[in-house]
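What follows is calculated from the coordinates using simple rules that are stated; it is not laboratory data. A quick note: this is a predicted structure, and the numbers were derived from the prediction, not measured. Note that each Cβ is placed from the backbone with ideal geometry, even for glycine, and that neighbours are counted across all protein chains shown.
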Amino acid sequence: MNRFKSLVLAAAVAAVSFTVTASRAEAEVSVAIGAEPACPYGYYDYAPYTCAPYGYYSPEWFVGGAFIGAGPWFHGPENFRGRVDSRFDVRHGYSSRLPHPGDGRDASMRLDRIDHFRGDEMHDGHGHVGGGRR
C-alpha cells in the first residue's frame with residue numbers, strides 16, 4: 001500500500017509542478033485586409049467589401065463627393081450614423097449589376113442629393129445595423 005500511496009503522491013506532485021511551470025501561449029492574430037476598395041458609390045460594410053450600387057448609401061456617407069468609408073476603412077466621426085437602403089443589399093436579394101473597383105461614376109448620379117432615396121436602415125461606420133456600438 002505504501003508503494004501505491006507513493007506513486008499517487010509522486011503523480012500529484014508532478015501534475016502540480018507541470019501546471020505551475022507551464023506558461024500559457026498567447027496567440028496574436030493579424031489579418032491583412034489590403035487597401036480600401038476604390039468603388040464609385042462606396043462598398044458594402046461587410047466582407048468581402050464588394051462595391052455597392054448607387055442608392056445604397058444616403059448622401060451623408062459622402063463628404064465633398066468622397067465616400068467616408070465603411071468597415072475597417074471607416075474614417076468618419078466616431079458617433080456617425082447613416083442611412084442605407086437595404087433594397088440595394090445583396091444579402092437582401094439585390095441581384096442587379098454592381099459596380100467594380102475602379103469604375104467611374106455616372107455624372108448624372110449626384111452623391112450630395114440622391115433623388116428618391118428610401119433609406120430603411122441606420123448603420124454606423126462599422127457595419128452595425130441600428131447604429132451599433134457606442
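With the cut-off at 1.5 for a/c, could you classify the range 34-134 from its C-alpha gyration tensor as rounded, prolate or oblate?
rounded
Out of the trypsin sites (Lys or Arg not before Pro) in the range 42-87, which ones are loop residues according to DSSP with at most 15 other C-beta atoms within 10 Å?
In loop regions of the range 42-87 (DSSP not H, G, I, E or B), the sparsely surrounded trypsin sites (Lys or Arg not before Pro) are R81.
Identify the residues of the range 60-85 with backbone N under 15 Å of a label point that sits 7 angstrom from the Cα of S96 along the Cα-to-Cβ direction, or state none.
What the label zone holds, given the 15 Å backbone N cut-off, is 85.
Report the full-extension gain for the segment T50 to V129: residue separation times 0.36 nm, less the Cα-Cα distance, to one decimal in nm.
26.7 nm
Mind checking the full-extension length gain between E60 and R118? Use 0.36 nm per residue of separation minus the Cα-Cα distance, one decimal, nm.
Contour length minus the Cα-Cα distance gives 19.5 nm.
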